[in-house]
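To start, the structure under review is shown below, and the notes come after it.
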Amino acid sequence: MTTFVDRVTLHADAGKGGDGCVSVHREKFRPLGGPDGGNGGKGGDVIFKGNKSVNTLQKYRFNQHHYAKNGSGGSGKLKTGANGKDLILELPCGTEIYNEDMSIKVAEILEDGQLYYFLRGGQGGKGNTHFKSSSNRAPRKVQNGEVGQELT
């Protein structure tokens, strides 16, 4: 028998975006290949989803910290890193979501299958191909991935 829990505190982190890559294309008989570093992948989002078969918040009572996956970094040959996997937390229909001090109602899940994107993951960084120009043909500059949002 499970006990009925109707109020929990959750701490959630969205995923960090992957870093860009510094790479220079090297191939036989092509001495000036140029930059070919790929972009980083996007971090995973934290999503609340309404589920009519769930009727309590029992599974979140002692499991309060939830993290979406980070995006992976880019690599050579213009390969973009993989996006982080989204974290979907299933809630009963009729659940109200408030900020940490319970002063502002952020959202309410009313219907089965209703999605609410609670936290957005960070964008992936750009590889060195985005920084090439006519005067800088082999840039060593990359952009790091952005940090995802974090809330309680």
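The values are calculated or read from the model by the stated rules, or taken from the named source; none is laboratory data. All figures in this text were calculated on a predicted structure; none of them were measured in a lab. Backbone-built Cβ (ideal geometry, glycine too); neighbour counts: all protein chains shown. Ligands, DNA and RNA are excluded from the accessible area calculation, which covers all protein heavy atoms including side chains. Shrake-Rupley method; radii C 1.70, N 1.55, O 1.52, S 1.80 Å.
Given springs between every Cα pair under 10 Å in a Gaussian network model of the chain, which of ILE104, ILE88, ILE47 has the largest fluctuation?
The residue with the greatest mean-square fluctuation here is ILE104.
Per residue, how much accessible surface does region 1-96 expose to a 1.4 Å probe? Answer in Å², no decimals.
61 Å²
Step through the residues of region 97-103 one at a time and calculate ³J(HN,Hα) from phi using the Karplus curve (6.51 cos²θ - 1.76 cosθ + 1.60, θ = phi - 60°), rounding each to whole Hz and writing x for Gly and Pro.
Taking θ as phi minus 60°, the curve returns 10, 10, 6, 4, 9, 6, 9 Hz for region 97-103.
If you build the convex hull over the alpha carbons only and average its shadow over all orientations, what do you get for the chain? Give it in nm² to one decimal.
On the way: hull surface 49.1 nm².
In nm², the orientation-averaged hull projection of the chain is 12.3.
Using label points projected 7 Å from each Cα along Cα→Cβ, tell me how many nm separate ASP101 and ARG140, to one decimal.
Label-label distance for ASP101 and ARG140, simple model: 4.8 nm.
Could you work out the relative contact order of the chain? I mean the mean sequence separation of Cα pairs under 8 Å and 6+ apart, divided by the number of residues, in percent.
Averaging sequence separation for qualifying contacts and normalising by length gives 35 percent for the chain.
Within region 1-20, what residues put their amide N at less than 13 Å from the label point 7 Å along the Cα-to-Cβ vector of GLN64?
From region 1-20, the list is 7-12.
Report the residues of region 81-124 in range of a label on ASP6: point 7 Å along Cα→C-beta, backbone N strictly under 15 Å from it.
92-97
Quick check on region 1-130: of the DSSP beta bridges with both residues there, what percent are antiparallel, nearest 5%?
That works out to approximately 60 percent antiparallel.
Taking springs between alpha-carbon atoms closer than 10 angstrom, which of LYS85, LYS52, LYS16 fluctuates most in the Gaussian network model of the chain?
LYS52
Along the Cα→Cβ direction, 7 angstrom out, place labels at LYS132 and VAL147. What is the inter-label distance in nm?
3.3 nm
Taking the chain as a Gaussian network, where each spring joins two C-alpha atoms under 10 Å apart, which residue of GLY76, GLY40, GLY94 fluctuates the most?
Residue with maximal mean-square fluctuation among GLY76, GLY40, GLY94: GLY94.
Please report how far the C-alpha centroid of region 73-130 lies from that of region 34-48, rounded to the nearest whole angstrom.
Region 73-130 and region 34-48 have Cα centres spaced 14 Å from each other.
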